[in-house]
Amino acid sequence: ILRNVLTYVSPGIPRTEPTDLAAVANRTLRLFRPTLKGKGIRCSTRFSENLPEVEIDPEQIALVLTAVVSNAVEAMPNGGSLTLGLEHSQEFLQLSISDTGGGIPEADMSKVFDAFFTTKSLGSGLGLNIASQIIANHKGSIYLESKVGVGSTFLINFPRAKVRETSHEHLVNRG
């Protein structure tokens, strides 16, 4: 809880670098394998081909994924399905994290990213708040879609990494 409070106070300035988001997602999922197996949760990924890199701090984004996947796991105490998807457009790469848990009541939807909001008996209520701060610091956005009795999907948009152009003038003047 103390670590969450300290991260809430200052999640830190992201140290971004062009990164393969699929690799970050797969590394994070590997950490959850024993828990997923133990709870009877099937996990799958649906990643588009030829995904572009994104400018992210891989460690901070791993924290975001950990918070969202942890919530998904807690929403499925009797098993279910967890699906991660990656798609891209001209401007963004979108990560979706879907679960078949109980869903979130409409009355709570507007509060899930608020600090200290939780429906659990244990927990600080900071995980999703910190996640949304980190995503905002990466100039991205995070949304939640949920239906009670069906499940929830978090949609996280990341701006695509800028392609670094080589100066033709520099090449001509080299020699």
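The values are calculated or read from the model by the stated rules, or taken from the named source; none is laboratory data. Keep in mind the model is a prediction, meaning the values are calculated, not measured. So basically every Cβ, Gly included, is an ideal-geometry build from the backbone, and we count neighbours across all protein chains shown.
Is the range 108-119 home to any residue that is modelled with pLDDT under 90 and part of a helix (DSSP H, G or I)?
yes
For the range 76-105, which positions are of a type in the set (Val, Ile, Thr) and over 18 Å from Ile156 (Cβ atoms)?
The answer is Thr100, and nothing else.
Provide a single number: the residues in the range 58-101 that are in a loop (DSSP other than H, G, I, E, B), on the phi < 0 side of the Ramachandran plot and surrounded by fewer than 18 Cβ atoms within 10 Å (Cβ to Cβ).
Total meeting the criteria: 5.
Of the residues Ile13, Ile41, only one is loosely packed, with under 12 Cβ neighbours inside 10 Å and among the hydrophobic types (A, V, I, L, M, F, W, C); which?
Result of the check over Ile13, Ile41: Ile13.
Can you tell me which residues in the range 36-60 are modelled with pLDDT of 95 or more and more than 21 Å from Gln90 (Cα to Cα)?
Hits for the range 36-60 are Leu36, Lys37, Gly38, Lys39, Gly40, Ile41, Arg42, Cys43, Ser44, Thr45.
Scan (1) touching a strand residue (DSSP E or B) at 6+ places or on another chain (Cβ under 6 Å); (2) in contact (Cβ under 8 Å) with a residue 60 or more places away in the chain; (3) part of a helix (DSSP H, G or I) for the single condition Leu36 breaks and write down its number.
(2)
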